[in-house]
Amino acid sequence: MRRFPTIFISAAFAVVLPLASLPSAAWASGDDISKINGSVTVEANQPAGDVSTVNGSVHIGDGATVEKANTVNGSIDLGDKGQAKSLETVNGAVTLGGASRVSGDVTAVNGGLHLAQGAEVLGKVSNVNGVIALEAAHVAGGIDTVTGDVTVGANSHVEGGILVDESHGWIHKNTHTPVIVIGPHAVVQGTLEFRREVILKVSDSAQIGPVKGATVVKFSGATP
């Protein structure tokens, strides 16, 4: 059984490790880039290795290819048709452009996650706080959150189910009731498990797996 907070305790510490590690061979044949303060940019169509900062954002241009991208205090954006092995931030949002691809996980702690049309994540998409939104996107490893709203937009495809975990001691109690929307012609394979109260709205043209801990409210049209 998945224990969601453990993932993020690990992620919070893991994001600083590349700053102290030696450069490694990059799948994109590019150099590692690391900073303590300041944003990092990988220009469009350029390769890079591991890309990291502590206080700053990471910008990966259209068509650029990187190994891992991570930050502690800052956002990460992966441009259209960009590629990465994983994206991680602690305090900040993550945005994936159209037709972009991440072969591993996309992780945030306090921040929203947005996947534009045609974006693909072969691992898990997960956060603690913040909206998770898919626009005709594909997630192969499931979606996890604690207090975030989740919208699996029209024509999106999620494998591995959806987990909304309960709050644990290290997470500040949040009274927000997450709203989970499964849009028209979207497909969610696997269990939709809710360990806290949620509002679950599912299009009458969507396909979903078994539901635990919530009652499905059906809707017609583009949005609830």
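Output needed for the range 65-216: three equivalent-ellipsoid semi-axes, defined as square roots of 5 times the C-alpha gyration tensor eigenvalues, in descending order, whole Å.
23, 19, 11
Please tell me which of these pairs span more than 28 angstrom C-alpha to C-alpha: LYS35/LYS81; LYS124/LYS212; LYS81/LYS212?
LYS81/LYS212
Which three numbers, in whole Å and largest first, are the semi-axes of the equivalent ellipsoid of the range 96-156 derived from its Cα gyration tensor as √(5λ)?
Semi-axes, largest first: 17, 12, 9 Å.
Quick one: 3J(HN,Hα) in Hz for the range 42-54, Karplus 6.51/-1.76/1.60 with θ = phi - 60°, rounded, Gly and Pro as x.
Karplus-based 3J(HN,Hα) across the range 42-54 equals 10, 5, 3, 6, 9, x, 8, x, 6, 10, 8, 8, 9 Hz.
Please list the radius of gyration and Dmax for the range 164-224, considering alpha-carbon atoms only, with Å as the unit.
Rg then Dmax for the range 164-224, in Å: 12.8, 40.
Translational diffusion coefficient, Stokes-Einstein: compute it for the range 78-123 using the Kirkwood radius over C-alpha pairs as Rh, at 25 °C and 0.890 mPa s, and state it as an integer in µm² s⁻¹. Write down the numbers at each step before the final one.
Working: Rh = 10.2 Å.
It diffuses with D of about 241 µm²/s by this estimate.
Check each of the trypsin sites (Lys or Arg not before Pro) in the range 140-204 and keep only those in coil by DSSP with at most 12 other C-beta atoms within 10 angstrom; list them in order. Before the final figure, lay out each step's value.
Working: sites: LYS173, ARG195, ARG196, LYS201; in loops: LYS173, ARG195, ARG196.
Those satisfying the criteria are LYS173.
Where only protein heavy atoms count, and the probe is 1.4 Å, what is the accessible area per residue for the range 30-69 in Å²?
Here the per-residue accessible area is 43 Å².
If packing is taken as the average count of other Cβ atoms within 10 Å, what order do 209-218, 145-154 fall into, highest mean first?
By packing density, highest mean first, the sequence is 145-154, 209-218.
The values are calculated or read from the model by the stated rules, or taken from the named source; none is laboratory data. Quantities reported herein were computed from a predicted structural model and do not represent experimental measurements. Every residue, glycine among them, receives a Cβ derived from its backbone with ideal geometry; neighbour counts consider all protein chains shown. Heads up: the accessible areas ignore ligands, DNA and RNA and are worked out on the full protein's heavy atoms, side chains in. Shrake-Rupley method; radii C 1.70, N 1.55, O 1.52, S 1.80 Å.
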